[in-house]
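Take a look at the structure set out below.
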Amino acid sequence: MLPEPLQTELKEKIASCEHPRELVIDVLTAIQEHHGHLSDEAVQDAAALFGLTPLEIDELATFYPFLYRQPVGRYVIHVCDSVICWMENGKGLIEHLQKRLGIAMGETTPDGLFTLLPVCCIGYCDRAPAILVNRKVHGPLNPALLDELIDRLQRQARDGEAAS
Ligand code: FES
């Protein structure tokens, strides 16, 4: 269930838009930011806001790569698997990352830190092979730079926990 202030804010936003359906992704993103992912209940909440069916919302939510229908880790890593990255050893990078994290694509590490997802060209071909971590681009990468990045994120998570 959405908290009242968020529900009111989203309703007002939708009411002020001439073509409310244009806002579906924005609203789903706002709901996801609140819940961490889009549960079935969140999909139903969004459907009620737009007067659409949960299936219509689900079709959009499962099409868009930055909306998550299942819980994800603290760092969501989208690895580009399109042609330019592939030509720049993107495949080797994906294999290295999977081995380093001990998970396959679509999975989350047992400590809840990393989720690995494939994504089509993210528009940073000049930085290939490139990945996104929580939608921030990193590239061009090689296995050593990737290890440094993962080390840094693990440290950041540890320091954050120690500080809280
Ligand atoms: S092909 Fe990977 S960023 Fe374009």
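Given the criterion of a type in the set (S, T, N, Q) and open to solvent by 70 Å² or more (accessible area, probe 1.4 Å), identify the matching residue among SER39, SER16. Exactly one of SER39, SER16 is of a type in the set (S, T, N, Q) and open to solvent by 70 Å² or more (accessible area, probe 1.4 Å), namely SER16.
What tally of residues in region 103-145 results from selecting those that are within 19 Å of the chain's Cα centre (by Cα) and within 17 Å of VAL76 (Cβ to Cβ)? Lay out the reasoning, then the answer.
Start the filter on region 103-145 by keeping residues that are within 19 Å of the chain's Cα centre (by Cα), which leaves 103-124, 129-139.
This time we only want the ones that are within 17 Å of VAL76 (Cβ to Cβ), so: 103-120, 122, 124, 130-139.
Qualifying residue count, region 103-145: 30.
What helices (runs of 4 or more DSSP H) lie completely within region 65-164 and have 1 or more residues being exposed (fewer than 14 other Cβ atoms within 10 Å of the Cβ) and away from the ligand (no atom under 16 Å from the Cβ)? Spell out how you get there, then give the answer.
Numbers: elements: 83-87, 90-101, 143-163.
Helices (runs of 4 or more DSSP H) meeting the threshold: 90-101, 143-163.
The numbered conditions (1) within 19 Å of the chain's Cα centre (by Cα); (2) modelled with pLDDT of 95 or more are all true for THR62 except (2).
Scanning region 1-13 for residues that are of a type outside the set (D, E, K, R) and either modelled with pLDDT under 90 or surrounded by 14 or more Cβ atoms within 10 Å (Cβ to Cβ) (or both) yields MET1, LEU2, PRO3, LEU6, GLN7, LEU10.
Can you name every residue in region 9-42 that is assigned to a loop (DSSP other than H, G, I, E, B) and under 17 Å from the mean Cα position of the chain (by Cα)?
Initially, region 9-42 is screened for residues assigned to a loop (DSSP other than H, G, I, E, B), giving 16-19, 36-39.
Within region 9-42, GLY36, HIS37, LEU38, SER39 meet the criteria.
The values are calculated or read from the model by the stated rules, or taken from the named source; none is laboratory data. This structure is a prediction, so every number in the text was calculated from the model and none was measured. In this analysis, Cβ positions are derived from the backbone assuming ideal geometry, glycine residues included, and neighbour counts consider all displayed protein chains. Quick note on the areas: whole protein, heavy atoms, side chains included, nothing else; ligands and nucleic acids left out. Shrake-Rupley method; radii C 1.70, N 1.55, O 1.52, S 1.80 Å.
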